[in-house]
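The values are calculated or read from the model by the stated rules, or taken from the named source; none is laboratory data. Note that the structure is a prediction, hence the values are computed from the model and not measured. Note that each Cβ is placed from the backbone with ideal geometry, even for glycine, and that neighbours are counted across all protein chains shown. For the accessible areas, the whole protein counts, side chains as well, though only heavy atoms, and no ligand, DNA or RNA atoms are used. Shrake-Rupley method; radii C 1.70, N 1.55, O 1.52, S 1.80 Å.
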Amino acid sequence: MLNFTRPERPAPKEPDTKSATRAAVSPSAPTSAAASPVGAAPRPPLLPVPEASPPRTDGAVRRLAVGPDINLKGVEISNCDALVIEGNVDATVHSKAMEILAPGRLNGTATIDVAEIHGAFDGELTARTRLVVHGTGRVTGTIRYGSLVVAEGGSLTGDLTKLEPVAPAVITPPQGATPPGSRSLLGPQP
């Protein structure tokens with residue numbers, strides 16, 4: 001039989017000043033789960049975890065790596081700043097940057113800002129900013145890209161579509177319309 005208990009140690013003696021503090025606390029007073037022993041720093045309250053994480057303010061990168069010989073099937077990966085795949089993944093991906101290393105493979109749908117492919121992709125790929133297919137890379141399926149770089153030996157097969165850059169919306173007020181209480185800077189001034 002194994003014994004996982006620690007041997008008893010004598011309790012350190014406390015100065016008499018703490019016993020007066022302990023006596024001031026009523027045993028019938030309600031206590032909270034976050035209450036801490038006398039003299040210890042209070043624990044911060046636990047905060048709920050949001051469902052969709054906002055961008056990090058501390059500059060840390062949300063990174064996910066799927067290592068070699070790992071199989072990941074039937075998942076959705078989102079809110080990821082950097083996704084690195086060396087294993088086999090069947091998933092839907094919404095990420096900022098993705099790199100599929102050889103011999104990595106991704107089957108599914110991916111909406112990415114920047115994608116670099118050294119391994120294999122099969123499915124629907126949207127690389128909004130840039131798609132780079134390296135010499136060992138193979139991309140098959142429906143492919144949409146902002147800009148495209150294919151190294152010698154790289155392969156693209158399927159329906160290719162270049163995405164048009166999105167111009168920022170410019171709202172112009174109708175001719176002669178000025179909001180109430182304001183004056184036109186182009187017309188005569190009083």
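Values as computed for the structure displayed
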| quantity | calculated |
| --- | --- |
| Strands (runs of 3 or more DSSP E) enclosed by the range 89-168 - at least 1 residues per element that are more than 25 Å from the chain's Cα centre (by Cα) and among the hydroxyl-bearing types (Ser, Thr, Tyr) | 138-150, 155-162 |
| Residue match in the range 70-77 (condition: open to solvent by 60 Å² or more (accessible area, probe 1.4 Å), of a type in the set (S, T, N, Q), more than 22 Å from Thr161 (Cβ to Cβ) and in a strand (DSSP E or B)) | yes |
| Extreme residue, farthest from Lys96 (Cα to Cα), among residues of the range 115-146 that are surrounded by fewer than 19 Cβ atoms within 10 Å (Cβ to Cβ) and β-branched (Val, Ile, Thr) | Thr136 |
| Inter-residue pairs, beta-carbon under 8 Å, first under 15 Å from Glu124 (Cα atoms) and in the range 88-106, second of a type in the set (Gly, Ala, Ser) and open to solvent by 40 Å² or more (accessible area, probe 1.4 Å), 6+ apart | Asp90/Gly74; Ala91/Gly74; Val93/Ser78; His94/Ser78; Ser95/Ser78 |
| Out of Ala82, Ala102, sole residue that is open to solvent by 30 Å² or more (accessible area, probe 1.4 Å) and more than 16 Å from Thr142 (Cβ to Cβ) | Ala102 |
